[in-house]
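Report on the following structure.
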Amino acid sequence: MNSRRFHMRYYMKQKISLFQNFNIFDEDNHKVLRIDQKKVSLTRQSRIIDVETGDVLARVKQKLVSIRPTMIVEVDGEEVAKITKKITVFKDKYKIDALDWKIKGDIWDYNYEIIDGSGKEIADISKKIFSLTDAFEFNIADEEVNPVLVIAVILAIDYVKDTEGE
């Protein structure tokens with residue numbers, strides 16, 4: 001990741017559009033990242049792009065062949081995580097491979113936390129509903145964690161959840 005300092009609070013105002021591209025804003029309402037999404041044949045792919053430099057910082061890709069919906073997260077060209085929905089009876093649970101992270105809270109209402117294996121909060125995510133758009137706020141609590149990785153994991157979780165309905 002480049003050396004530019006990223007903020008720790010972000011807002012995503014997802015616009016209604018055919019390709020579902022959108023921007024991520026910092027706490028000062030400056031555009032800092034752009035999410036370019038596309039559906040390639042049967043899979044979904046996204047790129048997280050630094051709006052200042054145009055650099056692709058991360059990719060989120062749907063794994064084509066898998067029993068359960070699975071998304072792969074790449075940062076700086078390397079696979080760093082796989083997010084898969086676990087098969088459970090009562091409550092949705094998601095597995096985040098390669099990172100010792102867990103999800104706590106209500107994913108369906110976009111009110112959840114990502115915590116590490118020791119219970120330390122990595123980020124919290126909440127949804128604000130407006131008339132034409134959904135706005136998401138996420139606060140990254142752990143300054144040691146790459147915020148682009150956290151944002152990519154949040155997108156991957158959302159994609160896994162969405163593919164269940166397709």
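Per-structure values
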| quantity | calculated |
| --- | --- |
| Estimated FRET transfer efficiency (residue 28, residue 111; beta-carbon r; R0 35 Å; 0.05) | 0.90 |
| Inter-label distance for residue 121 and residue 78, nm, one decimal - labels placed 7 Å from Cα along Cα-to-Cβ | 2.9 |
| Probe 1.4 Å, all protein chains present, accessible-area order of 162, 124, 109, largest first | 109, 162, 124 |
| J(HN,Hα) series, region 108-119, from Karplus relation 6.51 cos²θ - 1.76 cosθ + 1.60, nearest Hz, glycine and proline x | 5, 9, 6, 9, 8, 10, 10, 10, 8, x, 8, x |
| Set 31/85; 38/120; 82/104 screened for pairs whose C-alpha atoms are more than 29 Å apart | 31/85; 38/120 |
| In nm, spacing of pseudo-spin labels at residue 162 and residue 98 (7 Å Cα→C-beta vector) | 2.1 |
| Residues with amide H under 5 Å from that of residue 21, placed H, sequence gap 5 or more | 37 |
| Radius 11 Å from Cβ of residue 115, net charge of other residues (Lys, Arg +1; Asp, Glu -1) | -3 |
| 5 angstrom amide H check on residue 80, placed H, neighbours 5+ away | 73, 74, 75 |
| Where 78, 137 fall by accessible area, highest first, once all protein chains stay in place (1.4 Å) | 78, 137 |
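The values are calculated or read from the model by the stated rules, or taken from the named source; none is laboratory data. Worth saying up front: this structure is predicted, and the values here are computed from it rather than measured. As a convention, Cβ positions derive from the backbone with ideal geometry for all residues, glycine included, and neighbour counts pool all protein chains shown. All accessible areas refer to the heavy atoms of the entire protein, side chains included, with ligands and DNA or RNA removed. Shrake-Rupley method; radii C 1.70, N 1.55, O 1.52, S 1.80 Å.
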